[in-house]
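A.B. asks: Let me give you the structure first, and then I'll get to my questions.
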Amino acid sequence: MEAKAQNSQNSEKRVILLVEDREEVRSMLTDFLECMNYQVHACAAAEEALILAKNQSIQLGLIITDVLLETSTGPKLIAEIRDFQPEIPVIFISGFSEQALADELDFNANTQFLQKPFPLDVLCAKIQEMMPIAA
């Protein structure tokens, strides 16, 4: 029974919410993450992502979000999600540099940043760092 509970916990921790408004980037990242055995919920908009994050049947282990989205921003979305999931790990991604976005981003131990384009192995390493149970 304990092993089953451990496996259930591991599978919950392997769920990633991906928020990226560019279809080609979202599709490529979804394919890569699924090949790495992560369950991916991919969204094009912050509003859709917020609904998914509030769904209590989905146990998110990590959120990867673009900083600038069509109708909102990644930091605004994360602030809303952290109202009810304060410890959720987040990787912000953007074509802009971290320095250029310093005023937008709220960094803590559960927040990382990757500047696009980034090597997929670097993304994988960040995910494993932030979700060590899924490594």
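The values are calculated or read from the model by the stated rules, or taken from the named source; none is laboratory data. Predicted model, so just to flag it, every value in this text is computed and none were measured. Note: ideal-geometry Cβ built from the backbone for every residue, glycine included; neighbour counts use all protein chains shown. Surface areas here come from the heavy atoms of the whole protein model, side chains and all, with no ligands, DNA or RNA. Shrake-Rupley method; radii C 1.70, N 1.55, O 1.52, S 1.80 Å.
A.B. asks: Between residue 22 and residue 59, what FRET efficiency comes out of the Förster formula 1/(1 + (r/R0)^6) with R0 = 30 Å and r the beta carbon distance, rounded to 0.05? Don't jump to the answer; show the numbers that get you there.
C.D. replies: Working: r = 27 Å, r/R0 = 0.90.
Approximately 0.65, to the nearest 0.05.
A.B. asks: Something else about it: What FRET efficiency would be calculated for the residue pair residue 47, residue 96, taking the C-beta separation as r and a Förster radius of 25 Å, to the nearest 0.05? Could the numbers behind the result be given before it?
C.D. replies: On the way: r = 22 Å, r/R0 = 0.90.
With a Förster radius of 25 Å, E is 0.65.
A.B. asks: Related question: Can you work out ³J(HN,Hα) from phi for every residue in segment 45-60, in order, using Karplus 6.51 cos²θ - 1.76 cosθ + 1.60 and θ = phi - 60°, giving whole Hz and x for Gly and Pro?
C.D. replies: Calculated HN-Hα couplings, in order: 9, 4, 4, 5, 5, 5, 4, 4, 5, 7, 5, 5, 7, 10, 9, 6 Hz.
A.B. asks: Continuing with this model, one more query. Kindly sort 124, 35 by accessible area of their heavy atoms, largest first, with the probe set to 1.4 Å. Don't skip to the answer; put the middle values down first.
C.D. replies: Details: 124 15, 35 110 Å².
Output order, biggest surface exposure first: 35, 124.
A.B. asks: Karplus couplings for segment 14-25 from phi (6.51 cos²θ - 1.76 cosθ + 1.60, θ = phi - 60°), rounded to Hz, Gly and Pro as x?
C.D. replies: Calculated HN-Hα couplings, in order: 8, 8, 10, 9, 10, 10, 8, 7, 8, 3, 5, 6 Hz.
A.B. asks: If you don't mind, another one. Do you know the relative contact order of segment 39-82, to the nearest whole percent, from alpha carbon pairs under 8 angstrom that are 6+ apart?
C.D. replies: Computed value for segment 39-82: 43 percent relative contact order.
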